[in-house]
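Student: Have a look at this one.
The values are calculated or read from the model by the stated rules, or taken from the named source; none is laboratory data. The model shown is predicted, which means the values in this text are computed figures rather than measured ones. With ideal geometry, Cβ positions are generated from the backbone for all residues, glycine too; neighbour counts draw on all protein chains shown. All accessible areas refer to the heavy atoms of the entire protein, side chains included, with ligands and DNA or RNA removed. Shrake-Rupley method; radii C 1.70, N 1.55, O 1.52, S 1.80 Å.
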Amino acid sequence: MSAADIPADGEAAVPAARTRVTNTQWISWIALAMMTTSSVASLRAAPTMAVYGLACVFLYLLPALVFLLPTSLVSAELASGWTGGIYKWVSEGISKPMGFLAVWCQFAMTIFYYPSLLGFVASTLAYVINPHLASSGVWTACVIIVVYWSGVWVSSRGTKGVAGLASGGLIIGTLIPGVVLVTLGVVFLGQGNVSAAPMTAENLLPAWAGLSSLVLIVNNFLSYSGMEMNAVHVSSLKNPAKEYPKAMFLAMGLVLAIFILPALAISWIVPAEQLSLTAGVMQAFDAVFANFGWQWLTPIVGIMLVTASLGGMLTWLAGPSKGLLLISRQEGYLPPFLQKLNKNGVQQNILVVQGIVTTVIGLAYALLPNVSSAYWIFSVITTQVYLIMYLLMFVAAVRLRQKHPDHPRGFRAPMLLGLCGVGFAASLAALLVGFVPPSQFASGNPGIYVLIVGGGALGLGLLVPFLFYRFRKPAWKQEGTVAP
């Protein structure tokens, strides 16, 4: 998942969903496909799947069919019929407490997402300064803490104008480096070099060595998440019923190309046993540039990747917390301390509390055995917390179709019950599989792994919102506040 994968439900989705589209505001289905691609595609997950070599094609296609496609079509129907994003969908389809749980999970996943994102930034930045730092947990922890709090400071000042960094990030930090990596990878093979990973038909499917051999596929669900954010633009299409599916299929093709081709290029150049889950992209660039005598380009590519990631972090840092704030002020879900705004109208207290938790998590990079282990654990926790929201969304979509079959919808998903069934089953399976230590952690203690992942995902995703809801007080409501 790129930084823009994180939906700003209470901030960005509402105006788009509420505003009546005029003839001058129509967007083409190709433009929507590009918007979706820019918010989903990223090079950050490439090292994770490069471990599997040619089998990464299968491991990307499977979640695209059982998760990306159902999520895209189902969220489009919901967005075209109900304003207010995930909270409104789930609260009307199931109940208000479940709506709070959904929007909480949308916010809470960022607590673990930013340490994993900044872990990637730290290892990439290490290649600009000193490649040996990429495996240093202390270096990674320091970068996470310093960069995150810098982002909080910028966001709390209400600074504007950083949104362009995220949109430009698709070109600067994804497309250009991705094309360069794949092109030089092809040239690398064309020069007669042997691929580090075998590229034969026997390697199309991942080798089966028990359930743990497939656990890395869980990370791909997070790579595809965030489609509910783009669904709000379905009302901007002239003919949603025909154009939205076309936009989604084009976006799926582009996203798959951006995910699969760089992962394959990395697997050609860097042997799986030498691959770092955080620094794998830079390892590949460094290796291929060394082959051509161009290693001086490695720091430049590193700066491009870091710039894109930081731009996305700044743009989306306050988004999910803003949505949680607006809903909590109306319904009284959070205590007044967390509802306060600073002089710039920013929910600074939420950002500070989130930053304290993020700091504690960031320090784990210095305590866990290696950086790749920490990166993977935080990625799994992020995915599981977010999947709770998707489970609720699929249930809400079915309930809304049953309860309000004649409610006006700009787009009706075909075979909605089947799509929701497939999406729910896939999300639940991914959530459960996340508790199984992957084969790369075979030497570690599986009990500790399950404890960390389970405590992070279930504690933050379920226990914390339950406590907020259980002990809420009428005085927590802010009269006159309009929820998204």
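Student: Under 27 Å Cα to Cα from K477, which lysines show up? Leave out anything in the same chain fewer than 8 places away.
Tutor: K88, K96, K322, K340, K343
Student: Where does each of E92, E228, E243 land when they are ordered by accessible area, with a 1.4 Å probe and the largest first?
Tutor: Largest accessible area first, the list is E92, E243, E228.
Student: Now for a separate question. So what does M35 come to for accessible area, using a 1.4 Å probe and Å² rounded to 10?
Tutor: 70 Å²
Student: For segment 79-144, would you read off the P(r) tail past 16 Å as a percentage of all alpha carbon pairs?
Tutor: So the portion of pairs separated by more than 16 Å is 59 percent.
Student: Moving on. Taking only C-alpha pairs under 8 Å that are 6+ residues apart, what is the relative contact order of segment 33-106 in percent?
Tutor: Computed value for segment 33-106: 14 percent relative contact order.
Student: Turning to a different aspect of this structure: Go through 336-342, 350-356, 142-148, 468-474 and give me the packing order, highest mean Cβ count within 10 Å leading.
Tutor: Descending mean neighbour count gives 142-148, 350-356, 336-342, 468-474.
Student: What does the charge count around L250 come to, taking other residues whose C-beta lies under 14 Å from its C-beta (Lys +1, Arg +1, Asp -1, Glu -1)?
Tutor: Numbers: positive: K242, K246; negative: E243.
Cβ neighbours under 14 Å give a net charge of +1.
Student: Further question on the same structure: Run the reach check for K246 against lysines, Cα to Cα strictly under 23 Å, same-chain hits fewer than 8 apart removed. What comes back?
Tutor: Excluding near neighbours in sequence, the set is K238.
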